[in-house]
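Bear in mind these aren't lab numbers, they're just calculated from the coordinates by the rules spelled out. Keep in mind it's a predicted model, so treat the numbers as computed, not measured. Ideal geometry is used to build each Cβ from the backbone, glycine not excepted, and the neighbour counts take in all protein chains shown.
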Amino acid sequence: MRVVILGAGHGGGHLATTLARMNADLEITLIGDEPVLPYQRPPLSKAFLAGDLAESRLYLRPEKIYDNAGIERLLGVSAVGLDTEQRVLRLSDGRDLSYDKLVLATGGRPRFLDIEGKDLAGVFCLRSLAHVNAMREQFQAAQSLVILGGGYIGLEVAAVARKFGKNVHIVEKEERLLARVATPETSEFFKRLHEEEGTQLHLSCHAERIEGQGRVRKVVLSDGQVLDADFVLMAVGLEPNIELAEQADIVCDNGVLVNEFGLTSHEDVYAFGDCANMMNLALGRFCRLESVQNAVDAGNVVAAHICGVEEPYQAVPWFWSDQFDVKYQSVGLAQGYDEVIRRGSDDRRYSLFYMKDGRVIAVDAFSRVKDFMAAKKLVADKVKLPATQIADEDFEIKSLL
Ligand code: FAD
């Protein structure tokens, strides 16, 4: 059986080696338009941007692992057409590749704001290794950064830039940071953290235009302020790469729509990771998540299904972000909670437990790794816990597990 994995990112790379381990008889081909082996993206806006991590440390696996597993790699090549009747993928180099099972792990691309001045030199976005390599010199030389978008990537880049003493502005059109992905309590934590560290925040505000002669000099905001800028980062979210699926009439709705096994509306075609809106049985609904946890756990589900084992997707989502001296970790989806309990009195080291009907449904932990580890289990097992015990730092939550 020939399995073709389209997209050699975190999910595609993980799936290829997992499949090879599960069934050595599979013919596996991994196709990616980036010219490099699968790598981790999280450090791109953290340690790698800061210069604290070598490029060699980004890669998921060394080349010899793919060689030994017999995984064929077609890198620097993109798929430009898909014929699900003939089970053929058309490649940018003119080749047609047939498959028995196709997996779409195409991730997404950064959204780019269509505003005046967007094409000036010094305006960047951040998704890939190539993006960081293209911006690195100018990032290092920059004095004044304007970051459009107060999501995780924008905040992480701001934290790195502040570490180097740069003047940093974040412009966010919503009234709070992380509005799409975090609770108001967690937005407030990051607002305070960044303000204490000297990031200048402009909330409920957007960039009207970017000005400069050939290269960026200023950003004009909707509230009339004009910010000096020699570096602008657009960090305003991601567009899932679903065009190929759409052209092949595969059902898409906020990503490629897939069931709890990662199967699309077309038999023999799977999708997972950032590009897929997948049924999660633990949450009882479709979710399109942009996280390493999702790319890895959903990849395991797809690998099992291709090998004939039905293990529905029911992983509890978790995520992390590193900013300044804070390691943030979250687990569960904090939606529809009726109570929030704080554990820990230090304003940079505490956890928030989100409760519904006395059960822990999600936790945000700020530099509280032990709480996070315990919370993963509490949330997965829907444990009932009295508020007084959670708030009591002397009580070992771990003892309940
Ligand atoms: P990707 O890793 O994006 O891989 C998709 C690949 O498919 C890409 O290489 C793409 O170029 C390729 N492709 C697309 N279309 C085609 C085509 N037609 N032909 C060939 N190739 C194609 N997650 C966390 O959990 N924690 C973090 O702290 C965190 N930080 C992040 C920081 C940054 C800067 C970024 C960009 C992401 C971060 N993430 C983080 C998210 C995480 O990296 C993604 O969720 C994960 O990479 C998703 O894996 P994927 O395989 O679905 O997509």
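Among L233, L129, L203, L82, sorting on how many other beta-carbon atoms sit within 10 Å of each Cβ, with the fewest leading, yields L203, L129, L82, L233. Shape analysis of the chain based on the Cα gyration tensor places the equivalent ellipsoid semi-axes at 35, 30, 18 Å, largest first. Across the range 1-156, Cα-Cα distances exceeding 28 Å account for 32% of all pairs. Here the range 173-295 is treated as an ellipsoid with the same Cα gyration tensor; its semi-axes, largest first and in whole Å, are 37, 20, 11. About its Cα centre, the dipole of the range 211-332 is roughly 380 debye, where the only charges are +1 on Lys and Arg Cβ and -1 on Asp and Glu Cβ.
Taking the chain as a Gaussian network of alpha-carbon nodes connected by springs under 10 Å, the highest mean-square fluctuation of the residues N259, N300, N23 belongs to N23.
At 20 °C and a viscosity of 1.002 mPa s, what translational diffusion coefficient does Stokes-Einstein give for the range 277-364, taking Rh as the Kirkwood radius over Cα pairs? Give it in µm²/s as a whole number.
Translational D for this selection: 146 µm²/s.
Here, the range 112-234 is characterised by an Rg to Rh ratio of 0.94, where Rg is the alpha-carbon radius of gyration and Rh the Kirkwood radius. Annotation: the antiparallel percentage among DSSP beta bridges lying fully within the range 112-234 is about 30.
Modelled spin labels at K370 and F164, positioned 7 Å past Cα toward Cβ, are 3.7 nm from each other. The helix-only estimate of mean residue ellipticity at 222 nm for the chain, built from DSSP H runs of length n ≥ 4 each weighted as -39500 (n - 2.57), is -7000 deg cm²/dmol after division by the residue total. The largest-to-smallest principal axis extents of the Cα set in the range 226-278 are 53, 22, 14 Å. Using the Karplus relation 6.51 cos²θ - 1.76 cosθ + 1.60 with θ = phi - 60°, the per-residue 3J(HN,Hα) values for the range 332-337 come to x, 10, 7, 10, x, 7 Hz, with x marking Gly and Pro.
Between R348 and V80, the FRET efficiency from the beta-carbon distance, with R0 = 51 Å, is close to 0.55.
Each Cα pair under 8 Å and six or more residues apart adds its separation to the average, and for the chain the resulting relative contact order is 14 percent. Report the FRET efficiency, 1/(1 + (r/R0)^6), for E243 and E72, where r is their Cβ-Cβ distance and R0 is 30 Å, rounded to 0.05. Efficiency, rounded to the nearest 0.05: 0.80. Report note on the peptides 60-72, 371-383, 238-250: ranked by the mean count of other C-beta atoms within 10 Å, highest first, their order is 371-383, 238-250, 60-72.
Output the relative contact order of the range 321-391, whole-number percent, from Cα pairs under 8 angstrom with separation of 6+ residues. Relative contact order for the range 321-391 comes out at 32 percent. Placing unit charges on each Cβ (+1 for Lys and Arg, -1 for Asp and Glu) gives the range 112-234 a dipole about its Cα centre, and among L227, H202, S128 the Cα reaching farthest toward its positive end belongs to S128. Assuming charge only on the beta carbon of Lys and Arg (+1) and of Asp and Glu (-1), the dipole of the range 112-234 about its Cα centre is about 340 debye to the nearest 20. Here the range 331-401 is treated as a sphere whose radius is the Kirkwood value from Cα pairs; by Stokes-Einstein at 37 °C and 0.692 mPa s it diffuses with a coefficient of 280 µm²/s. Straightening the chain between A380 and V36 buys 120.2 nm, computed as 0.36 nm per residue apart minus the Cα-Cα spacing. Relative intensity of the range 1-60 on a log10 scale, I(q)/I(0) at q = 0.29 Å⁻¹, equals -1.14, per a Debye sum over C-alpha point scatterers of equal strength in the absence of solvent.
For the chain, what is the percent of antiparallel DSSP beta bridges, rounded to the nearest 5? Given both bridge residues lie in the chain, the antiparallel proportion sits at roughly 55 percent. Hydrophobic long helices, here whole DSSP H runs in the chain with Kyte-Doolittle means of at least 0.0 and Cα atoms spread over 30 Å or more along the helix axis, are not found.
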